[in-house]
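This report concerns only the one structure given below.
None of the figures in this text is laboratory data; all of them are computed from the coordinates on show. Note that this is a predicted model, so its numbers are computed, not measured. Note that each Cβ is placed from the backbone with ideal geometry, even for glycine, and that neighbours are counted across all protein chains shown.
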Amino acid sequence: MHEFGVAQGLLNVVLAKMAENAGSRIVWIKLEIGVLSGVEEEALRFAFTALAEGSPAQNTELRVEKIPLRCYCSVCDSVFECRPFAYRCPSCGMASHDVRTGKEMNVVAMEIT
């Protein structure tokens, strides 16, 4: 389960940011996770909880926003939402190879006390 590696990276980033801001505890973290990121939300929550135990991130709330898959159609010059592996423009039917969103995992915000 690669989510433990992702959770460890997340924990390292937020603990470093907390130290920069002279905080003592991380209350919540807001994440954006793309549907094609390969990150399973529940597995990430489990891994983060396990790794954060005994640290200033223990009991941190993970607020996750799912980012949909969006592709660009060069024929219609438009961005459209689609399903994984079904990258056809709904207007013209042209297949797209230009994925614009859905692969990312971003730390958007966090509250430190």
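Report, for the chain, the % of DSSP beta bridges that are antiparallel, rounded to 5.
On the way: 15 of 22 bridges.
Roughly 70 percent of the DSSP beta bridges within the chain come out antiparallel.
Treating the beta-carbon of each Lys and Arg as +1 and of each Asp and Glu as -1, no other charges, what is the dipole magnitude of the chain about its Cα centre, to the nearest 20 debye? Mind showing how you got there, number by number?
On the way: 11 positive and 14 negative charges, 35 e Å.
With Lys and Arg at +1 and Asp and Glu at -1, about 160 debye.
Using the C-alpha atoms of the chain, what convex hull volume per residue, in cubic angstrom, is computed?
Values: hull volume 11.7 nm³, N = 113.
Per-residue hull volume (Cα only) is 104 Å³.
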(message) Please list, by residue number, everything in the stretch 65-81 whose backbone N is under 20 Å from a paramagnetic label point 7 Å out along Cα→Cβ of residue 21.
(response) 65
(request) Just the number, please: Stokes-Einstein D of the stretch 24-71 in µm²/s, Kirkwood Rh from C-alpha pairs, 37 °C, 0.692 mPa s. (result) 281
(message) Binning at 5 angstrom from zero up to the longest distance, how are the C-alpha pair distances of the stretch 1-40 distributed in percent?
(response) 6, 19, 25, 24, 13, 9, 4, 0
(request) Do me a favour and compute the ellipsoid semi-axes for the stretch 53-113 from its Cα gyration tensor, root of five times each eigenvalue, largest one first, whole Å. (result) 37, 10, 8
